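The values are calculated or read from the model by the stated rules, or taken from the named source; none is laboratory data. Small disclaimer: the values here were computed from a predicted structure and weren't measured. A quick note on method: Cβ atoms are made from the backbone with ideal geometry, for glycine too, and the neighbour counts reach across all protein chains shown. Keep in mind that these areas ignore ligands, DNA and RNA; they rest on the heavy atoms of the full protein, side chains included. Shrake-Rupley method; radii C 1.70, N 1.55, O 1.52, S 1.80 Å.
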Amino acid sequence: DGRLTFYPGNQTVALPFINLMKRYGTVFLKAYTNSPICCPSRAAMWSGLFTHLTESWNNFKGLDPDYVTWMDLLQKHGYHTKKFGKIDYTSGHHSVSNRVEAWTRDVDFLLRQEGRPTVKLTGNKTHIRVMETDWQNTDKAVNWIKEEAINFTQPFVLYLGLNLPHPYPSPSTGENFGSSTFLTSPYWLKKVSYEAIKIPKWSSLSEMHPVDYYSSYTKNCTGEFTKEEVRNIRAFYYAMCAETDAMLGKIISALRDTGLLKRTIIIFTADHGELAMDHRQFYKMSMYEGSSHVPLLVMGPGIKQRQQISNVVSLVDIYPTMLDIARIPAQQNLSGYSLMPLLFEEAQNEVSTRKPRPPWVLSEFHGCNVNSSTYMLRTDTWKYITYSDGNSVLPQLFDLSADPDELENIALKFPVVAHSLDKILRSIVNYPKVSSSVQEYNKRQFISWKQSLGQNYSNVIANLRWHQDWLKEPKKYEDAIDKWL
């Protein structure tokens, strides 16, 4: 959650290396994902293109494997390049359940797709390496810096992708479990200030926007949660962020120890945030701040120190920024804009001359846990969210300066503002047409999958992650799918 990198969010957990980057670099106060789920978000970041252009509709469908990323271009221009850890821009971590849930979101049924979110403490007060795979990848990156990068005569670019902070698989929900356990150790939990944890206000189910209700239900969050449960989920999530921060620290330390820190630019960001029980949901897949607002910090030679930038920016801006840093001419069809003019102490003469940055960013979502394609336009003050064709589902409008918790949808109160933002959105993307294309894609994919199973279809679909609900009335749900098809 990007709000943890600046006040007041940063009061909840100790993030010393994030704070170091703020002190010696720049933090963006309004940075957003272009799609609040792993693979589509990373597809946007690696391609510099909006989701409707990459057609990365869900965690299974990302960029074409042969797509030329910014790292490919840097390598072509003489950079040493290396990737470690989670990459996920061609296809993300997913199960058959994830795919089928995304394809069937237009079916007229409500089924829980996730296990109820819980917390789990592991180890003791000295247990540091909770997410061992991430630590191993961090070790590999550190060793590469110390053993390889130190000897290069040409510049290098290193990418380290972490899984943290991310809920862990919870086997208690059956064979096809959902990822819903917030896991940490007492070592990290003590970094969290419990008294600073804000307990989100929960709307009653009857007051919820229909898409929010679907999301809350499928994420198994419509039941009762005590304040202590909610506080713990949030605290454990913040503790996982503290562990992530320590991995960032290992990279910064390796650069310092090798003498490379003063001539290396470091960018820290995330593919999406975590609702952590905001708006009666956990996980991502939402345009609310907890899910869509990401951290973005940059530190390095020439970059302004202690700078806070309030311009709205998004992950598609990474691509042109990397090209600008490397003095590579930017392609003309990119969705993003270089961050260089905002970051540097002095204007860079050779930075590509491009159109001025627009006063908005776009995010969109087409995957599971949300029963409609979703589009968000974020400006300095407003957040406008619209669904499907723009008519069949009520849009949402929030004034984030007056209502940072996004509790009051004022779309009907300010129709002129909503209409104006919708007009801008339609000038960027023909979203009713995109929504229709996604619906057709979902149906085609589902039919193909169903045919591949033959007579085994009924048994397989009944035992996906929603099996506990499905098995109560299997015929009802199969009939709903047949009606949809």
Any pair with Cβ under 9 angstrom, 6 or more apart, that starts in segment 257-286 at a residue that is more than 27 Å from Y319 (Cβ to Cβ) and ends at one that is part of a strand (DSSP E or B): A276/F182; F282/S180; F282/F182
Restricting segment 443-459 to residues that are without any contact (Cβ under 8 Å) to a residue 40 or more places away in the chain and of a type outside the set (S, T, N, Q), the residue that is farthest from T218 (Cα to Cα): G454
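If we scan segment 215-222, do we find a residue that is of a type outside the set (D, E, K, R) and at positive phi?
To start, the set of residues in segment 215-222 that are of a type outside the set (D, E, K, R) comprises 215-218, 220-222.
After this cut, where a residue has to be at positive phi as well, the list is 220.
So far as segment 215-222 goes, yes, one or more of its residues are of a type outside the set (D, E, K, R) and at positive phi.
I'd like the full set of residues that are outside any helix (DSSP H, G or I) and open to solvent by 60 Å² or more (accessible area, probe 1.4 Å), limited to segment 427-465. So that I can check it myself, show each step before the final result.
Within segment 427-465, the first condition is being outside any helix (DSSP H, G or I), and the residues that meet it are 429-430, 463-465.
Within segment 427-465, N430, N463 meet the criteria.
Tell me which residues, restricted to segment 204-233, are part of a loop (DSSP other than H, G, I, E, B) and loosely packed, with under 15 Cβ neighbours inside 10 Å. Before the answer, list the steps.
Step one: filter segment 204-233 for residues part of a loop (DSSP other than H, G, I, E, B), giving 204, 208-209, 219-226.
The answer is S204, G223, E224, T226.
Rundown of residues vs (1) touching a strand residue (DSSP E or B) at 6+ places or on another chain (Cβ under 8 Å); (2) at pLDDT 95 or above; (3) acidic (D, E); (4) farther than 27 Å from H77 by Cβ, yes/no style:
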| site | (1), (2), (3), (4) |
| --- | --- |
| N163 | yes, no, no, yes |
| F177 | yes, no, no, yes |
| E195 | no, yes, yes, yes |
| W202 | no, no, no, yes |
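Hey, among the residues in segment 274-308 that are basic (K, R) and under 21 Å from D245 (Cβ atoms), which one's surrounded by the most Cβ atoms within 10 Å (Cβ to Cβ)?
Of the residues in segment 274-308, the ones basic (K, R) are 280, 284, 304, 306.
Now restrict to residues that are under 21 Å from D245 (Cβ atoms): 284, 306.
Details: K284: 24, R306: 10.
Per the criteria, the residue is K284.
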Of all residues in segment 384-418 being aliphatic (A, V, I, L, M) and within 15 Å of H279 (Cβ to Cβ), the one that is surrounded by the fewest Cβ atoms within 10 Å (Cβ to Cβ): L407
So L49, is it assigned to a loop (DSSP other than H, G, I, E, B), surrounded by 18 or more Cβ atoms within 10 Å (Cβ to Cβ) and modelled with pLDDT of 95 or more: yes
Filtered residues of segment 52-82 (kept if open to solvent by 60 Å² or more (accessible area, probe 1.4 Å), closer than 24 Å to Y32 by Cβ and part of a strand (DSSP E or B)): none
Test: residue in segment 112-126 that is surrounded by 22 or more Cβ atoms within 10 Å (Cβ to Cβ), modelled with pLDDT under 95, of a type outside the set (G, A, S) and more than 30 Å from K190 (Cβ to Cβ): yes
Answer residue from segment 83-109, given it is under 19 Å from D479 (Cα atoms) and among the acidic types (D, E) and is surrounded by the fewest Cβ atoms within 10 Å (Cβ to Cβ) among those: D108
Set D469, D482: member being open to solvent by 60 Å² or more (accessible area, probe 1.4 Å), in a helix (DSSP H, G or I) and more than 27 Å from L49 (Cα to Cα): D482
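Is it the case that T133 is open to solvent by less than 60 Å² (accessible area, probe 1.4 Å), farther than 30 Å from N371 by Cβ, of a type outside the set (A, V, I, L, M) and assigned to a helix (DSSP H, G or I)?
no
Return the only residue of R263, R357, R327 being on the phi > 0 side of the Ramachandran plot and of a type in the set (D, E, K, R). Spell out how you get there, then give the answer.
Values: R263 fails: on the phi > 0 side of the Ramachandran plot; R357 fails: on the phi > 0 side of the Ramachandran plot.
Just a single option satisfies the conditions, and that option is R327.
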Where N333 falls short, out of the listed (1) surrounded by fewer than 24 Cβ atoms within 10 Å (Cβ to Cβ); (2) modelled with pLDDT of 95 or more: (2)
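So that you can scan it fast, the table gives a plain yes or no per residue for (1) touching a residue at least 12 places away in the same chain (Cβ under 8 Å); (2) farther than 22 Å from T5 by Cα; (3) in contact with a Pro (Cβ under 8 Å, 6 or more places away or on another chain):
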{"residue": "M299", "(1), (2), (3)": "yes, no, no"}
{"residue": "K304", "(1), (2), (3)": "yes, no, no"}
{"residue": "S310", "(1), (2), (3)": "yes, no, no"}
{"residue": "S314", "(1), (2), (3)": "yes, no, no"}
{"residue": "T321", "(1), (2), (3)": "yes, no, no"}
{"residue": "Q332", "(1), (2), (3)": "no, yes, no"}
{"residue": "S335", "(1), (2), (3)": "yes, yes, no"}
{"residue": "S338", "(1), (2), (3)": "yes, no, yes"}
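Of all the residues that make up segment 246-286, how many are assigned to a loop (DSSP other than H, G, I, E, B) and under 20 Å from the mean Cα position of the chain (by Cα)?
Qualifying residue count, segment 246-286: 14.
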Members of segment 234-253 that are buried (at least 22 other Cβ atoms within 10 Å of the Cβ) and over 19 Å from K125 (Cα atoms): R234
